[in-house]
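Okay, structure first, notes after.
The values are calculated or read from the model by the stated rules, or taken from the named source; none is laboratory data. Model, not experiment: these values are computed from the prediction. Cβ placement follows ideal geometry from the backbone for every residue including glycine, while neighbour counts extend to all protein chains displayed. With ligands, DNA and RNA removed, areas are computed over all heavy atoms of the protein, side chains included. Shrake-Rupley method; radii C 1.70, N 1.55, O 1.52, S 1.80 Å.
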Amino acid sequence: MKKLLFAILVLTLVVSFTSCRDKKEQKKVEYQVEKVKSDVNNAADKVSDKVQDGADAVKDAWKDAKKDVRQGAEKAKKEIKEGYNDVKKEVEKKLD
């Protein structure tokens, strides 16, 4: 009878240790999974911020390029008009 009780006690202790260890391992795995999720979310947020910053920089560059083109067109228009007026004056002088 003592041997049977001792065997039951040992079996109970083994099951007890095994189930406790599994819970600790399970908690550890759950913690690692949550940490990975958090790290992935943080990385996605950082990438999203960088993409948005890049898009904003492209928009700003596009606005600046449009402004430069407009200024260049206005300057060219002014120079063409001045050249036309000069040529017109020269032609009028020669015709008189």
Count charges around residue 35 for me, please; just the other residues with Cβ under 14 Å from its Cβ, Lys/Arg as +1, Asp/Glu as -1.
-> 0
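Quick one: putting +1 on the C-beta of Lys and Arg, -1 on the C-beta of Asp and Glu, what dipole do you get for segment 29-85 around its Cα centre, in Debye to the nearest 20?
Values: 13 positive and 13 negative charges, 109 e Å.
So the magnitude is around 520 debye.
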At 25 °C in a medium of viscosity 0.890 mPa s, the chain has a Stokes-Einstein diffusion coefficient, with Rh taken as the Kirkwood radius over alpha carbon pairs, in µm² per second, of 112 µm²/s
Under a 1.4 Å probe, what is the accessible area of the chain per residue, stated in Å²?
-> 99 Å²
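Could you check how much of the accessible area of segment 45-96 is carbon and sulfur, as a whole percent, using a 1.4 Å probe?
Numbers: 2900 of 5170 Å².
Taking all protein chains in place, segment 45-96 shows 56 percent carbon and sulfur surface.
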Tensor-based shape of segment 54-96 (alpha-carbon gyration tensor, a/c under 1.5 rounded, otherwise prolate or oblate) = prolate
Name the residue farthest towards the positive end of the dipole of the chain from the options 26, 84, 54, assuming +1 on Cβ of Lys and Arg, -1 on Cβ of Asp and Glu, about the Cα centre.
-> 26
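Per DSSP H run of n ≥ 4, the term is -39500 (n - 2.57); total these for the chain, divide by its residue number, and report the mean residue ellipticity at 222 nm rounded to 500 deg cm²/dmol.
Values: 1 runs with 94 residues, N = 96.
Rounded to the nearest 500, the figure is -37500 deg cm²/dmol.
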